[in-house]
Amino acid sequence: MKNYIPILKRTQLFAGVSEDEIALMLSCLDARMHTYKKGEYVFHQGEHLHHITVLVEGELHIQRDDYWGNRAIVNRIAVGEMFGEAYIAPQSGALLNDVVAIEDSTVIFFDVKRIITVCSSACRFHSMVVQNLFFAISEKNKKLLQKLGHISKRTTREKLISYLSEEAKRNNSASFVIPFNRQQLADFLSVDRSAMSNELCKMRDEGLLEFEKNAFKLM
């Protein structure tokens, strides 16, 4: 687990905490590491969470399948990002979605009670982690609002324009690579894949954009 301390240091949860301090906190926070093969479930819908997780290797998707097998991707978790902070309240209820490994992944679990309960020594870095957790929840809510803005558009084209425009702003460039393949992008925007692919081709023919697989350039 100590091999992943440099990654933990770059996470929002441990912002401002040194690698030596993180090493000391691993035991304090009852940190545990688990690995998952591609396609394995980290969490299932309906589970009750007692840990905050940080992805240190691989990629995870937060997703939900309806009764007929239609999939919606709620969010993507990249290396250095965490999950579970939305469920730290005692009455937060069961998990609303599945969390699945999109590739072979390694996750570190932290006991949520030990995070929000500052130890008796009241160490500076533990207090900082609690503060960082608050900021992380705020940032996650902002991202969910951004996604809501995309999927609330009426047409497939409007959803694509909203999402691709946001990615261009985030990358500060008209050329960028998105983290989804075609099916995943369709699931993320809650649209039909074929209809979305047809719309992308129309937008390309109209000179609005160029694309090659998941690389895009807005014109």
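No value in this document is a laboratory result; all are computed from the given coordinates. Every value quoted in this text rests on a predicted model; they were computed, and no experiment measured them. Here Cβ is always computed from backbone atoms with ideal geometry, including for glycine, and neighbour counts include all displayed protein chains.
Remarks
- For LEU96, the residues whose modelled amide H falls within less than 5 Å of its own, excluding neighbours fewer than 5 places apart on the same chain, are GLY46.
- The chain - convex hull of alpha carbons, volume per residue in Å³: 131 Å³
- Sites GLU166 and GLU103, calculated FRET efficiency, Cβ-Cβ separation with R0 30 Å, nearest 0.05: 0.80
- Positive-end ranking of ILE151, ILE161, PHE135 along the dipole of segment 124-219, with charges on Cβ about the Cα centre, is headed by PHE135.
- Pairs exceeding 25 Å between alpha-carbon atoms, taken from LYS140/LYS213; LYS140/LYS169; LYS159/LYS213: LYS140/LYS213.
- Label-to-label distance, nm, for residues given as VAL130 and ALA94 (7 Å Cα→Cβ offset): 3.2 nm
- Rough spin-label spacing in nm, given labels placed 7 Å along Cα→Cβ, for ASP111 and VAL177: 4.0 nm
- Most fluctuating residue given options TYR67, TYR87, TYR163, as computed from a GNM of the chain linking Cα atoms under 10 Å: TYR67
- Residues whose placed amide H lies under 5 Å from that of ASN75, excluding near-sequence neighbours: ILE62
- Highest-fluctuation residue, PHE180, PHE14, PHE109 considered, GNM on the chain with Cα pairs under 10 Å: PHE180
- Helix-only CD estimate at 222 nm, as mean residue ellipticity for the chain, using -39500 (n - 2.57) per DSSP H run (n ≥ 4): -12000 deg cm²/dmol
- Inter-label distance for LYS217 and LYS38, nm, one decimal - labels placed 7 Å from Cα along Cα-to-Cβ: 2.9 nm
- Sparse-neighbourhood loop sites, GluC sites (Glu not before Pro) in segment 174-214 - DSSP loop, at most 11 other Cβ within 10 angstrom: GLU206
- Efficiency of FRET between SER194 and ALA15 - r from beta-carbon atoms, R0 45 angstrom, step 0.05: 0.60
- The distance linking segment 138-153 with segment 49-67 is 18 Å (Cα centroid to Cα centroid, whole angstrom).
- Each residue of segment 186-193 is assigned a 3J(HN,Hα), and the resulting list reads 4, 5, 5, 8, 6, 10, 6, 4 Hz, derived from the Karplus form 6.51 cos²θ - 1.76 cosθ + 1.60 (θ = phi - 60°), x at Gly and Pro.
- In sequence order, calculated HN-Hα J values of segment 71-86 (Karplus, 6.51, -1.76, 1.60; Hz; x Gly/Pro): 9, 10, 8, 7, 6, 10, 10, 9, 4, x, 9, 10, 9, x, 5, 6
- Couplings 3J(HN,Hα) for segment 159-165, derived from phi with the Karplus relation 6.51 cos²θ - 1.76 cosθ + 1.60 (θ = phi - 60°), are 5, 5, 4, 4, 5, 5, 5 Hz, where x marks Gly and Pro.
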